[in-house]
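Peer 1: Please see the structure below; I have some questions.
The values are calculated or read from the model by the stated rules, or taken from the named source; none is laboratory data. Just so you know, these numbers come straight off a predicted model, no measurement behind them. Note that we place each Cβ from the backbone using ideal geometry, even for glycine, and neighbour counts take in every protein chain shown.
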C-alpha cells in the first residue's frame with residue numbers, strides 16, 4: 001500500500017466527486033439505471049441534514065475511493081453502530097490495500113465513537129468482495145434477510 005494514502009471527511013465541495021463514485025459503483029454493480037441521486041440531494045442529505053458521512057481516500061492529491069456510512073442502533077448492544085452503505089475504490093487502484101485501509105479507518109471511527117459494531121451488505125454475486133470481507137474476519141449474517149420498501153410501496157404504506 002502507498003504511504004501517501006490519506007483520509008479526509010468529505011466537504012460540500014466534494015459532492016461532485018461523491019456522486020461520480022456512486023455512479024461508478026452502481027455501474028460496477030449493474031445498477032446504474034437505479035441512481036437518481038443528484039448533487040443537490042447529496043448536498044442536502046449529507047451536509048445540511050447530516051444524515052450520513054463520507055470518508056475520501058486520496059493518494060498524491062487524487063481521490064481514489066470513498067466510504068459512505070451512517071449510524072444505526074443496536075437495542076441488544078444498547079449503543080450505536082456504523083452501517084457502511086458504500087465502499088468503492090477506482091479499478092486502477094484496486095489490489096493495493098486501499099479497500100482494506102478504508103475499512104480499517106471505519107473500524108477506528110467505530111471504536112473511537114464507542115460503537116458496538118460495523119456492518120454492511122454485499123451483493124450475493126460479488127465473490128471478490130465477499131472473499132475480501134471474509135479474509136478480514138467479517139461474519140455472514142445467514143439468519144437475516146433484508147427487506148425494503150421504496151417508491152410507491154413506501155408511499156402506500158405511509159397513507
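Peer 1: If the Cβ limit is 9 Å and pairs must be 6+ apart or interchain, which residue in the stretch 7-27 that is without any contact (Cβ under 8 Å) to a residue 24 or more places away in the chain and on the phi > 0 side of the Ramachandran plot pairs with which residue that is part of a loop (DSSP other than H, G, I, E, B) and surrounded by 15 or more Cβ atoms within 10 Å (Cβ to Cβ)?
Peer 2: none
Peer 1: Another one. As an exercise: evaluate residue 61 against (1) touching a residue at least 12 places away in the same chain (Cβ under 8 Å); (2) closer than 23 Å to residue 94 by Cα and give the number of the one condition it does not meet.
Peer 2: (1)
Peer 1: If you take the residues of the stretch 7-40 that are crowded, with 17+ Cβ neighbours inside 10 Å and under 22 Å from residue 108 (Cα atoms), which of them is nearest to the chain's Cα centre (by Cα)?
Peer 2: This residue is 18.
Peer 1: Which one of these is assigned to a helix (DSSP H, G or I) and surrounded by 13 or more Cβ atoms within 10 Å (Cβ to Cβ): 72, 43?
Peer 2: 43
Peer 1: Right, next: What about residue 2, is it modelled with pLDDT under 95, surrounded by 11 or more Cβ atoms within 10 Å (Cβ to Cβ) and farther than 21 Å from residue 126 by Cα? Lay out the reasoning, then the answer.
Peer 2: Details: modelled with pLDDT under 95: yes; surrounded by 11 or more Cβ atoms within 10 Å (Cβ to Cβ): yes; farther than 21 Å from residue 126 by Cα: yes.
Yes; evaluated as a whole, the condition is true for this residue.
Peer 1: Give the stretch 1-35 a look and list any residue that's part of a helix (DSSP H, G or I) and touching a strand residue (DSSP E or B) at 6+ places or on another chain (Cβ under 7 Å), or say none.
Peer 2: Answer for the stretch 1-35, where residues must be part of a helix (DSSP H, G or I) and touching a strand residue (DSSP E or B) at 6+ places or on another chain (Cβ under 7 Å): 14, 17, 18, 21, 22, 24, 25.
Peer 1: For the stretch 80-159, please list each of the helices (runs of 4 or more DSSP H) lying entirely inside it that holds at least 2 residues being in contact with a strand residue (DSSP E or B) (Cβ under 9 Å, 6 or more places away or on another chain), touching a residue at least 60 places away in the same chain (Cβ under 8 Å) and more than 15 Å from residue 25 (Cβ to Cβ). Break it down into steps so the answer makes sense when it comes.
Peer 2: On the way: elements: 98-112, 127-135, 151-158.
The helices (runs of 4 or more DSSP H) meeting that bar are 98-112.
Peer 1: Further question: Scan the stretch 46-69 for residues that are part of a strand (DSSP E or B) and exposed (fewer than 15 other Cβ atoms within 10 Å of the Cβ) and jot them down.
Peer 2: 62
Peer 1: Only one of (1) out of contact with any strand residue (DSSP E or B) (no Cβ under 7 Å at 6 or more places or on another chain); (2) closer than 17 Å to residue 106 by Cα fails for residue 51. Which number is that?
Peer 2: Of the numbered conditions (1) out of contact with any strand residue (DSSP E or B) (no Cβ under 7 Å at 6 or more places or on another chain); (2) closer than 17 Å to residue 106 by Cα, the odd one out for residue 51 is (1).
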